[in-house]
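Remarks on the structure that follows.
The values are calculated or read from the model by the stated rules, or taken from the named source; none is laboratory data. All values reported here derive from a predicted model rather than from experimental measurement. Here Cβ is always computed from backbone atoms with ideal geometry, including for glycine, and neighbour counts include all displayed protein chains. When the accessible area is computed, the model is the full protein with side chains, heavy atoms only, and any ligands, DNA or RNA have been set aside. Shrake-Rupley method; radii C 1.70, N 1.55, O 1.52, S 1.80 Å.
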Amino acid sequence: MWTSNEIRKTFLDYFKDRQHQVVESSSLVPVNDPTLLFSNAGMNQFKDVFLGIDKRSYTRATTSQKCVRAGGKHNDLDTVGRTPRHHTFFEMLGNFSFGDYFKREAIQYAWGFLTEVVQLPKENLWVTIYDDDDEAYTLWQEVTDVKPERIIRMGEKENFWSMGDTGPCGPCSEIHYDRGEKYACDNPNCGLGVCDCDRWLEIWNLVFMQYNRDENGEVTPLPRPSIDTGMGLERLSCILQGVESNFDTDLFTPIIKKIEDLTGKKYGSGEGDFPFRVIADHSRSCTFLIADGVFPSNDGRGYVLRRILRRAVRFGQFLGLQEPFLYKTVDTVIDLMKEAYPELQSKKDFIKDVIRMEEERFFITLHEGIKKVEEIISSARETDRKVISGEEAFMLYDTYGFPLDLTEDMAEENGFTVDNNGFETMMEEQRSRAKKAHKSENAFAHEQLIAELLNGIPATNFIGYGNFTGEASVLAIIKDDHLAKSANSEEIIIVTDTTPFYAESGGQVADKGVIKTDNASMEVLDVQKVARWIIHTCRLKGSLNQGEKVYMQLNDKFRMDTSRNHTATHLLHKALRMVVGDHAQQKGSLVEPEKLRFDFSHFDAIGDEDICRIETIVNEAILNMYDVKTDVLPIDKARKMGAIALFGEKYGDDVRVVKIGDFSMELCGGAHVSNTGQIGLFKVLSEGSVGAGLRRIEAVTGRHAFTYLSESDHKLKQATTMLRTTNADVINRIDALSKTIKEKDKEIEHLKARLARASSEDIINKAYTINDAKILIEEVESEDMNTLRQHAEMLKDKLGSAVVLLGAVTGDKVSLVCFISKDLVNKGLHAGKIIGAAAKAAGGGGGGRPDMAQAGARDVEKLKDALDVARNMVEKTFS
């Protein structure tokens, strides 16, 4: 029987033998593609190649790509476990041609692999093609022995693929496996293309990219047609291993066995299998997403991960698991996948910690959510309402992470229903907001336009690692997105044959400077890289012609300050890993002249002592004056040497390695100093959280660090003068003043209490009696809620069996406090309900315990109305 590892390896070897470059899976987090939430197809990492923006050293490739479909356009989250073939995480086997071979070879390769290598029965294979693709129909019969009646023509929805509204597109051909009548549906016309039942399993999709669609929807032939194919490893494993569903393959059964061990329940009972499938699938997703740098949060990718993880926990509860358990499945997932993805092994402990901590948070969330639902139901009953509104259900879901199905369960238990339509309306509004906030494809469309304009122009030669000046020839002038022969006093883009200007990349900002000719001067506003070219956006004064010679001059101070900060980020990265652990991996950075910003994976705040250790390590590396050397090496060799690859970076076949003495070695294309001594000084400005599991350090170097320390010293001197002390004794002086202030605060509180007691003697006479109970509901003067509460409690203690409600204007709002003695609570009086009604009358809200409650309100003019409402409620209760 084929194992999944054997299938994956056999597929890659098959195409390697046919001159395809084996390319490792890209991250689940797409690089430089804001149009995608997660990598969801094998072609994602080759998108720029298909668009002509990027060039590779090969024209044929094959991959086994990690994919997640659990958000955005492609979302299988709610389908997982209900069908035998849908997953949030899966692997897509694919082969690609970038203007090399086309339909004939793609069909030959696919048919040959399926029928000759893994030897699927030909009588079980069916093929679909696009309605109008006569070429594919003919080729399937020419190069394979598939029978004509097994080639089904289908429409654009099923068999025509597009990268987007515009751009490359083309017909596709799908290979389906007939699992037999046993899996057929009840439809008497059941057949391929008629229904989507479990009998017909799509296993391989061959996309023939042969057209380009313009903004008007017109399609024209591409000059170099390409191939993009995809086949799910899980589906092929299911067929080759002869099992009922993907969940019965060796990719899932060990995980399900682990869940059995954790729950004491058995998988295979039919209806009760659903939670096992969900947890097994979601365990894989969580493991791989966290390994690729995604952490649970309340937005974007982190929000999707949080939903997946919490969904698994909810289904664990259905199996009786009432404490964190999902993190215990990680070992099994990694044991299964480490052969193909060895990087998982080194991240295992960190992945488990992230999942465990999120599980612990969710159990707290469930507790808080249940309390909130109970409050909503209690409040609704007061107005005879029997429906939890869509807004309330959405608040529970969005703010508390409380699942809608659990809200529905609690509602049903209490004789309530949930406004699902209202909930869906709120969800749709959220999706619309997210869609508007999501970056569009305009940037990519503009890059593609620039690349098309520059097609045929030689690549730019970057000389800026060792040169701050240079002479060059203007190869192209772009004005208003069109090529021009000349320009005069306007903002333009120019492309030169060589340039010392660094294009924004890897977190480092673009260089500034000037470009001059005899007749013109250009201020360089921005520098970007588009495919093979470095483009300079400039403000031109004078006239410029294509082909003209120019003199290019960087702002050397700007570049040197930036270089200091960039090399310092490498030193900081190493120091962080030394102090807090290897899991502290770079997740983003900003390197500019004034300061550096460094984002890294870590859950807890870094204490002052550890910050001091980090600063010391970095500054010692600066004092050691390590030489900073660079080398260009094949990526495999660089990794074997121990060079660290950074999050969010694209790497080609050859990479630039930056080695700082024997201290640090990273893959990096940025600008650096030649010796760490040139950095001068390193100082951390701040450390804080920027998301769940993500921390940020901001720091300064060189003259900016000196300026910061000089200003800090000046402020210290000002403080010592004001405090009439010395630098050495300033902490002791502040400590002494702090103690004095605390003592004075105690004296003030004591005086306030004496005043309150004196005041209470006057106000207590305003209490009146109903059925032997004292009622005191009055407006008083009070500075704050704390003083008001103390005053009310004191009065309640003096009155005995009593209702005491005091209101005061504190600042620009109304404060209300209510105390009720225990004997009256037992008779049905409820401080929380009384205070809630009173606060509502003054434009506020609130609640609390039966014996004590407090609330605030906005309308100070309505304080008397609020007290009247409270008085009427109390008297009505007694009557």
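Could you give the accessible area per residue of the stretch 1-64, probe 1.4 Å, as a whole number in Å²? All intermediate terms of the calculation are to be shown ahead of the outcome.
Details: 2630 Å² over 64 residues.
Computed with neighbouring chains in place, this is 41 Å² per residue.
Rounded to the nearest 20 debye, what is the charge dipole size of the stretch 188-273 about its Cα centre when +1 sits on each Lys and Arg Cβ and -1 on each Asp and Glu Cβ? Spell out each step's value before the answer.
Details: 8 positive and 15 negative charges, 45 e Å.
With Lys and Arg at +1 and Asp and Glu at -1, about 220 debye.
Which value, in debye to the nearest 20, describes the size of the charge dipole of the chain about its Cα centre when Lys and Arg Cβ atoms bear +1, Asp and Glu Cβ atoms bear -1, and nothing else is charged?
Working: 111 positive and 137 negative charges, 432 e Å.
Result for the chain is approximately 2080 debye, rounded to the nearest 20.
Taking a ≥ b ≥ c as the square roots of the Cα gyration tensor eigenvalues, with a/c under 1.5 meaning rounded and otherwise prolate when a/b beats b/c, else oblate, which class fits the stretch 648-798?
Values: a/c = 6.15, a/b = 2.31, b/c = 2.67.
In terms of gyration-tensor shape, oblate.
Over the stretch 801-844, give the accessible area per residue in Å² for a 1.4 Å probe, as an integer. Display every interim value, and only then the final one.
Values: 1490 Å² over 44 residues.
With all protein chains present, the stretch 801-844 gives 34 Å² per residue.
Determine ³J(HN,Hα), in whole Hz, for all residues of the stretch 695-710 in sequence, where each value follows from phi through the Karplus function 6.51 cos²θ - 1.76 cosθ + 1.60 and θ = phi - 60°; x replaces Gly and Pro.
Here the 3J(HN,Hα) series is 10, 9, 10, 10, 8, 10, 9, x, 5, 5, 5, 4, 4, 4, 5, 5 Hz.
Sum -39500 (n - 2.57) across every DSSP H segment of at least 4 residues in the chain, then divide by the residue count to get the 222 nm mean residue ellipticity, nearest 500. Display every interim value, and only then the final one.
Details: 25 runs with 345 residues, N = 879.
Computed ellipticity for the chain at 222 nm equals -12500 deg cm²/dmol.
Tell me, what is the 1.4 Å probe accessible area of Lys55, in Å² to the nearest 10?
Taking all protein chains as shown, Lys55 has close to 110 Å².
Using a probe of 1.4 angstrom, how much of the accessible area of the stretch 352-405 is carbon and sulfur, in percent? Before the final figure, lay out each step's value.
Values: 1350 of 2740 Å².
With neighbouring chains kept in place, the figure for the stretch 352-405 is 49 percent.
Can you list the GluC sites (Glu not before Pro) in the stretch 176-256 that are in a DSSP coil and have 11 or fewer other beta carbons within 10 angstrom? Walk me through the intermediate numbers first.
Details: sites: Glu181, Glu202, Glu215, Glu218, Glu234, Glu244; in loops: Glu215, Glu218, Glu244.
Taking the stretch 176-256 and a limit of 11 other Cβ atoms within 10 Å, the loop GluC sites (Glu not before Pro) found are Glu215, Glu218.
Identify, among Val655, Ser710, Leu694, the residue whose Cα sits farthest towards the positive end of the charge dipole of the chain, taking +1 on the Cβ of Lys and Arg and -1 on the Cβ of Asp and Glu, with the dipole about the Cα centre.
Ser710
May I ask you to derive the FRET efficiency for Phe274 and Ile457 from their Cβ-Cβ distance with R0 = 56 Å, giving the value to the nearest 0.05?
On the way: r = 58 Å, r/R0 = 1.04.
For R0 = 56 Å, the calculated efficiency reads 0.45.
Taking 0.36 nm per intervening residue step and subtracting the Cα-Cα distance, what contour gain separates Glu368 from Lys549 on full extension? Before the final figure, lay out the partial values.
Numbers: separation 181, 0.36 × 181 = 65.16 nm, distance 6.95 nm.
Here the segment from Glu368 to Lys549 would lengthen by 58.2 nm.
Using 0.36 nm times the number of residues separating Lys55 and Lys16, minus their current alpha carbon distance, what extension gain do you get?
Details: separation 39, 0.36 × 39 = 14.04 nm, distance 1.99 nm.
Result: 12.1 nm gained on full extension.
Take Thr469, project a point 7 Å from its Cα along the Cβ direction, then tell me which residues of the stretch 536-568 have their backbone nitrogen under 18 Å from it.
549-560
Relative contact order, percent, of the chain when contacts are C-alpha pairs under 8 Å separated by at least 6 residues?
Numbers: 1615 pairs, mean separation 55.4, N = 879.
Rounded, it is 6 percent for the chain.
Using a/c under 1.5 as the rounded threshold, could you call the stretch 1-49 rounded, prolate or oblate? The axes a ≥ b ≥ c are square roots of the C-alpha gyration tensor eigenvalues, and prolate needs a/b larger than b/c, oblate otherwise.
Numbers: a/c = 3.83, a/b = 1.79, b/c = 2.14.
Oblate.
Taking amide H atoms as placed 1.01 Å from N in the peptide plane, list the residues 5 or more away in sequence, or in a different chain, whose amide H sits under 5 Å from that of Arg199.
Under 5 Å from the amide H of Arg199 lie the amide H atoms of Cys185, each far enough along the sequence or on another chain.
Report the one residue of Val618, His570, Val495 whose Cα lies farthest in the direction of the positive end of the charge dipole of the stretch 485-631 (charges on C-beta: Lys and Arg +1, Asp and Glu -1; origin at the Cα centre).
Sorting the options by dipole projection puts first Val495.
For the cross-link pairs Lys742/Lys774; Lys752/Lys840; Lys595/Lys637; Lys715/Lys813; Lys352/Lys683; Lys347/Lys640, which exceed 26 Å when the distance is taken from alpha carbon to alpha carbon?
Result: Lys742/Lys774; Lys752/Lys840; Lys595/Lys637; Lys715/Lys813; Lys352/Lys683 exceed 26 Å.
As an exercise, use a Förster radius of 35 Å and the Cβ-Cβ distance of Ser379 and Ile770 to find the FRET efficiency, rounded to the nearest 0.05. Present the calculation step by step, with values, prior to reporting the outcome.
Working: r = 27 Å, r/R0 = 0.77.
FRET efficiency, Ser379 to Ile770: 0.85.
Could you work out how far apart the two model spin labels at Lys266 and Lys9 are, taking each label as a point 7 Å from the Cα in the direction of the beta carbon, and quote it in nm?
3.5
Between Leu525 and Ser710, what FRET efficiency follows from the Cβ-Cβ distance if R0 is 30 Å, with the result rounded to 0.05? Present the calculation step by step, with values, prior to reporting the outcome.
Values: r = 32 Å, r/R0 = 1.06.
The value I calculate is 0.40.
Asp735: accessible area at probe 1.4 Å, nearest 10 Å²?
Asp735 has an accessible surface of roughly 80 Å² with all protein chains in place.
Putting +1 on Lys and Arg Cβ atoms and -1 on Asp and Glu Cβ atoms, find which of Leu366, Thr720, Phe38 reaches farthest to the positive end of the dipole of the chain.
So the residue we want is Thr720.
If you put +1 on each Lys and Arg Cβ and -1 on each Asp and Glu Cβ, how big is the dipole of the stretch 575-653 around its Cα centre, in Debye rounded to 20? Each step should come with its number before you reach the end.
Working: 10 positive and 15 negative charges, 76 e Å.
So the dipole magnitude of the stretch 575-653 works out to roughly 360 debye.
Is the shape of the chain best called rounded, prolate or oblate, per the rule: a/c under 1.5 gives rounded, else a/b larger than b/c gives prolate, else oblate, with a ≥ b ≥ c the square roots of the Cα gyration tensor eigenvalues?
Details: a/c = 2.20, a/b = 1.32, b/c = 1.66.
Oblate shape, in that a/c is at least 1.5 and b/c is the bigger or equal ratio.
Before anything else, pin down the relative contact order of the stretch 758-879: Cα pairs under 8 Å, at least 6 apart, normalised by residue count, whole percent. Numbers along the way, then the final one.
Working: 261 pairs, mean separation 26.0, N = 122.
Once divided by the residue count of the stretch 758-879, the mean separation gives 21 percent.
Counting pairs of alpha carbon atoms under 8 Å apart in space and at least six apart in sequence, what relative contact order in percent does the stretch 112-183 give?
Numbers: 87 pairs, mean separation 27.2, N = 72.
With pairs under 8 Å counted, the relative contact order is 38 percent.
How much accessible area per residue does the stretch 234-393 have, counting only protein heavy atoms and a probe of 1.4 Å, in square angstrom? Each step should come with its number before you reach the end.
Working: 6440 Å² over 160 residues.
On a per-residue basis, 40 Å².
In nm, give the distance between the simple-model label positions of Asp132 and Arg733, each being 7 Å from the Cα along the Cα-to-Cβ direction.
Once both label points are built, they end up 8.5 nm from each other.
Between Arg104 and Ala645, what is 0.36 nm times their sequence separation minus the Cα-Cα distance? Round to one decimal in nm.
Working: separation 541, 0.36 × 541 = 194.76 nm, distance 3.84 nm.
This chain segment gains 190.9 nm when fully extended.
Please list, in chain and number order, the residues 5+ apart from Thr83 or on another chain whose amide H is under 5 Å from its amide H, with Hs placed from the backbone.
Here nothing satisfies the definition.
Accessible area of the stretch 446-508 with a 1.4 Å probe: how many percent of it is carbon plus sulfur? Mind dumping the intermediate values first?
Working: 1290 of 2920 Å².
In the stretch 446-508, the share of accessible area belonging to carbon and sulfur is 44 percent.
Roughly speaking, to the nearest percent, how much of the stretch 48-184's 1.4 Å accessible area is carbon and sulfur?
Details: 2260 of 5550 Å².
Looking at the stretch 48-184 in its full context, I get 41 percent from C and S.
Using a basic spin-label model with each label point 7 Å from the Cα along Cα→Cβ, how many nm lie between Asn216 and Asp198?
Result: 5.0 nm between the two label points.
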